[in-house]
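J.: For reference, the structure I am asking about is given below.
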Amino acid sequence: MALTEPQKLAPPQHIAIIMDGNGRWAKQRGLPRTAGHAAGAEAFRKIANYCRSLGVKYLTVYAFSTENWKRSADEVAGIMKLLRRYLEEALQDMEKNRVCFRFFGDLTRLSPELQELCAQAESASMDYDVQVNFCLNYGGRDEIVRAARALAAEVAEGKRSADEITEDAFSDYLYSAGVPDPELVIRPSGELRISNFLLWQSAYSEFVFMNVLWPDFSPQDLDAAIEEYHRRNRRFGGT
Ligand code: FPP
């Protein structure tokens, strides 16, 4: 009798990942940090495909934070080059891969070429299975401050009253407007912090911290994180 595959648990519809550990992965191999980011970009490709095959609807990844500008010019340029290369390729294959893109963050500080690629990727309209949200020059506090500023301006102009600022109204002013909150946030690399990632959106997310470095993160690691998520008892403040 043929053995049947064990049934996989249904994935969350939205998974968010802090792609951490590229630098340490490179250092362990005596390689420059940019080689770690290149390996991290490969891991992202693999995991994005795997998420699509599992039926995950939204995948949000922390690619570059508002604080990452403090890194060396070489490292910043290396990450930007990887993003450019990835988007150039992705634009060719969007239909085939059934993936669409959104960008969370202030893109105006990026090079005009990268901004143009982001605009092209975001404006492509097609049927898709998975939406990838790239957090680029993104900071959770910055996102919240911008939303507060936009709402304050509307109140000052008399377009709405202060009482009309509800959680839903506030969410509409975030980069993530219209995207459901992530049920699961994964941070590989052994660090146990949120690092200014999706501060508003992760209010009730389940966090899974893993000891693997991002370039080594495999589909099996994602399965393990999803299994851990299913073991959690989500109460949303109730009993
Ligand atoms: C954090 O690891 C990682 C980043 C700041 C950059 C993430 C960027 C990529 C994975 C490449 C982007 C391109 C695509 C196509 C996704 P770290 O450098 O802080 O690692 P460390 O803590 O070990 O030093």
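Coordinate-derived values only; no laboratory data. Only a predicted model underlies this, so the values are computations on that prediction, with no experimental measurement involved. Note that we place each Cβ from the backbone using ideal geometry, even for glycine, and neighbour counts take in every protein chain shown.
J.: Using θ = phi - 60° and the Karplus relation 6.51 cos²θ - 1.76 cosθ + 1.60, list the HN-Hα couplings for the stretch 12-27 in order, rounded to whole Hz, with x at every Gly or Pro.
T.: x, 6, 10, 10, 10, 9, 8, 7, 10, x, 4, x, 5, 4, 5, 4
J.: Could you list Trp214, Trp25, Trp200, Trp69 so that the one with the fewest beta carbons within 10 Å of its beta carbon is first and the one with the most is last?
T.: Trp69, Trp200, Trp25, Trp214
J.: Then there's this: Counting DSSP beta bridges in the stretch 1-139, what percent are antiparallel, to the nearest 5?
T.: 0 percent
J.: Now a separate question. If I model a spin label at Arg45 and Ser161 as a point 7 Å from the Cα along the Cα→Cβ vector, what separation in nanometres do I get?
T.: Each label point lies 7 Å from its Cα, and together they span 5.6 nm.
J.: For the stretch 1-80, evaluate the Debye formula with one uniform point scatterer on each Cα (no solvent term) and list log10 I(q)/I(0) at q = 0.11, 0.23 Å⁻¹, rounded to two decimals.
T.: Taking Cα atoms of the stretch 1-80 as identical point scatterers yields -0.41, -1.09.
J.: Can I ask one more? Quick one: Karplus J couplings for the stretch 141-151, per residue in order, coefficients 6.51, -1.76, 1.60, θ = phi - 60°, nearest Hz, x for Gly and Pro?
T.: Ordered by residue, 3J(HN,Hα) equals 5, 4, 4, 5, 4, 4, 5, 4, 5, 5, 5 Hz.
J.: Moving to a separate point now. Hey, got the Cα dimensions of the stretch 56-152 along the principal axes, in Å, largest first?
T.: 37, 37, 24
J.: Can you give me the distance in nm between label points at Glu116 and Leu91, each placed 7 Å from the Cα along the Cα-to-Cβ direction?
T.: Result: 0.8 nm between the two label points.
J.: Then there's this: With a 10 Å Cβ neighbour count serving as the proxy for reagent exposure, in which order, fewest first, do Val212, Val132, Val155 appear?
T.: Val155, Val212, Val132
J.: Could you check the spin-label model distance between Arg29 and Arg146? Points 7 Å from the Cα along Cα→Cβ, value in nm.
T.: With each label placed 7 Å out from Cα toward Cβ, I get 3.3 nm.
J.: Return the long-range amide H neighbours of Leu198 (sequence gap of 5 or more, or a different chain), with a cut-off of under 5 Å between placed amide H atoms.
T.: Gly140
J.: What is the Cα radius of gyration of the chain over 2.2 N^0.38 Å, N being its residue count?
T.: After normalising by residue count via 2.2 N^0.38 Å, the value is 1.06.
J.: In square nanometres, what is the average projected area of the Cα convex hull of the stretch 173-233?
T.: 4.9 nm²
J.: For the chain, calculate the relative contact order in percent as a whole number, restricting contacts to Cα pairs under 8 Å that are 6 or more residues apart.
T.: So the answer I get is 27 percent.
J.: Would you order Cys100, Cys51 from fewest to most other beta-carbon atoms within 10 Å of each residue's own beta-carbon?
T.: Cys100, Cys51
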